[in-house]
Amino acid sequence: MTRMRHAIVPPYLLARIAAVADERYPIAADAARRSLVRDAPVREWRLRGELPPFAHDRLPSVLPDAPSSPDRRISDAQGSETLPGRLVRREGQPATGDDAVDEAYDGLGDTHRMFDRVFGRDSIDGTGMPLEATVHYGDRYDNAFWDGERMVFGDGDGEIFSGFTNSISVIGHELAHGVTERTANLRYQGQSGALNEHVSDVFGALVEQYTLGQDAGAATWLIGEGIFTDAVEGRALRSMLEPGTAYDDDVLGRDPQPAHYDDYIQTREDNGGVHLNSGIPNRAFALAATALGGFAWEHMGRIWYATLTSGRLAVDTGFHRFAGETVRAASERFGADSRETRAVREAWAAVGVAPEEV
Amino acid sequence: MDVSVSRSGGIGGLRLVWEVDLDREPDRESWEVLLHDIPWDEVPPAPPEPDRFIYRIRCEPHEATLAERQVTGPWRELVDRVRARSEPRRAASGPRRAR
Ligand SMILES: [Zn+2]
């Protein structure tokens, strides 16, 4: 993972890291300090105890190998539906040898690292709250969920689902539900519910890309790759880039996600189809990210995180308002005529959602 | 007389429906005892939780929608029994679109 250290770190970020990161990110601070020796103007800013003026707006997203400081607690429900179950691995303890326990531990660490390093958010609440998860929940339980306090993962039935901790996008998805709950708190019903789902898919996909060092073109844009057994004709639960194509199986049927607002599904089931209609904003996000290229967390991730945490989203925000807020966030960060803002506008147009003027 | 259990939601948004025709069940009487205990009209509204299952349970003329954490006591007994006695049918959550 050291391959990126020199390539993607602009000097002003090195200065910021060297200046502010000493205690929490000793590796990053040290690396930044060494790099700064060769960069006189920035070093002078640093010597005066200041950040370069252009450093304030852009949080450090660099050094994916630098650790963050999560406080993880993994419990084992041992096949019961009793929460939290028995605590089996705390922060800093070695791997247990139980795949579900260790995958949850690692996935939560990866997710914490992305939120912390890229978006400057320490854990779900932003102030380092413990990340609690329970694995081996229920008997052949085909699901993973966020219950307001913890992430819960079943083992799957073994016929269709092979367990829910072996996809980092699923772990990121669940943790992101906690972040949404603590920020925009989008109501889990209808369009705001589909946006809640969409936000979890966005950060789930980004965690996977960040951890693997994938740019937008190399990314799969799949949610839940690897959770189906080999018997299923399908790649994943959802495709953000091509909603409706993730699986087509004799038993499961065909992925029903719509990819365009014209195909929005009205239903009483699934809280108004929150896991179906999320396909529409998902495609907008993936289209803009792939049009821009590069690391999606650097541009689209920042725009979406800024939107989510702007304080401007009502709990019942619908697609058009949300789209308008993403255009606003893109304009604020990158400029109204920037290619980032244009990509966001074009992507919403491609899925039939006209951003509201906000 | 049919009892049906529809489960939607979950991180996959996959809907499953289990149905049992009581007229074909050998122990119909015990089903009726169980159904008699079901508090159809006493399900309080529950705030939705991300990715949790939602159960819609029907037995004419009754119908109730329950959050996963409300499926306890006689409800749980009924759901488990219906699931044990039938193979699930996978159903779309909305109208299927022609492609
Ligand atoms: Zn979700």
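Numbers at a glance
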read-out	value
Check on residue A:125, away from the ligand (no atom under 16 Å from the Cβ), assigned to a loop (DSSP other than H, G, I, E, B) and either of a type outside the set (Ser, Thr, Tyr) or surrounded by 21 or more Cβ atoms within 10 Å (Cβ to Cβ) (or both)	yes
Selection within region A:183-233 - touching an Asp or Glu at 6+ places or on another chain (Cβ under 6 Å) and either of a type in the set (A, V, I, L, M) or crowded, with 23+ Cβ neighbours inside 10 Å (or both)	A:192, A:207, A:223, A:232
Number of the condition not met by residue A:79 [criteria: (1) crowded, with 18+ Cβ neighbours inside 10 Å; (2) assigned to a loop (DSSP other than H, G, I, E, B)]	(1)
Positions within region A:70-90 being in contact with a Phe, Trp or Tyr (Cβ under 9 Å, 6 or more places away or on another chain) and more than 19 Å from residue A:141 (Cβ to Cβ), in sequence order	A:72, A:89
Residue list for region B:49-68, restricted to those being closer than 20 Å to residue A:197 by Cα and not hydroxyl-bearing (Ser, Thr, Tyr)	B:49, B:50, B:51, B:52, B:53, B:54, B:67, B:68
Condition check for residue A:167: within 14 Å of the ligand (Cβ to nearest atom), surrounded by 23 or more Cβ atoms within 10 Å (Cβ to Cβ), within 14 Å of chain B (Cβ to nearest Cβ) and within 16 Å of the chain's Cα centre (by Cα)	yes
All positions within region B:2-38 that are under 15 Å from residue B:61 (Cα atoms), hydrophobic (A, V, I, L, M, F, W, C) and within 14 Å of another protein chain (Cβ to nearest Cβ)	B:5
Exclusive hit being closer than 26 Å to residue A:214 by Cβ and in a loop (DSSP other than H, G, I, E, B), set A:84, A:67	A:67
Index of the failed condition, residue A:280 passing every other in (1) within 16 Å of the ligand (Cβ to nearest atom); (2) farther than 19 Å from residue A:320 by Cα	(2)
Number of positions in region B:34-53 that are at pLDDT 95 or above and among the β-branched types (Val, Ile, Thr)	1
Residue check, residue A:180 within 13 Å of the ligand (Cβ to nearest atom) and either at the interface with chain B (Cβ under 10 Å from one of its Cβ atoms) or over 26 Å from residue A:348 (Cβ atoms) (or both)	yes
Single residue of A:268, A:235, A:254 found to be away from the ligand (no atom under 16 Å from the Cβ), touching a Leu at 6+ places or on another chain (Cβ under 9 Å) and either within 25 Å of residue A:160 (Cβ to Cβ) or among the polar types (S, T, N, Q) (or both)	A:235
Those residues of region A:241-269 which are within 10 Å of another protein chain (Cβ to nearest Cβ), aliphatic (A, V, I, L, M) and surrounded by fewer than 23 Cβ atoms within 10 Å (Cβ to Cβ), in sequence order	A:251, A:252, A:265
Condition check for residue A:261: outside the structural domain of residue A:110 (by TED's automatic domain parsing) and in contact (Cβ under 8 Å) with a residue 60 or more places away in the chain	yes
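Residue-by-condition table, conditions (1) within 16 Å of the ligand (Cβ to nearest atom); (2) part of a helix (DSSP H, G or I); (3) modelled with pLDDT of 95 or more:
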site	(1), (2), (3)
A:97	no, no, yes
A:106	no, yes, yes
A:113	no, yes, yes
A:134	no, no, yes
A:141	yes, no, yes
A:145	yes, no, yes
A:159	no, no, no
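This table checks each residue for (1) more than 13 Å from residue A:275 (Cα to Cα); (2) within 11 Å of the ligand (Cβ to nearest atom); (3) touching a residue at least 40 places away in the same chain (Cβ under 8 Å); (4) not in a loop (DSSP other than H, G, I, E, B).
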| site | (1), (2), (3), (4) |
| --- | --- |
| A:172 | yes, yes, yes, yes |
| A:175 | yes, yes, yes, yes |
| A:196 | no, yes, yes, yes |
| A:204 | yes, yes, no, yes |
| A:210 | yes, no, yes, yes |
| A:215 | yes, no, yes, no |
| A:219 | yes, no, yes, no |
| A:245 | yes, no, no, no |
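The values are calculated or read from the model by the stated rules, or taken from the named source; none is laboratory data. Because the structure is predicted, anything quoted here is derived from the model rather than measured. We place every Cβ from the backbone using ideal geometry, glycine too, and count neighbours over all the protein chains shown.
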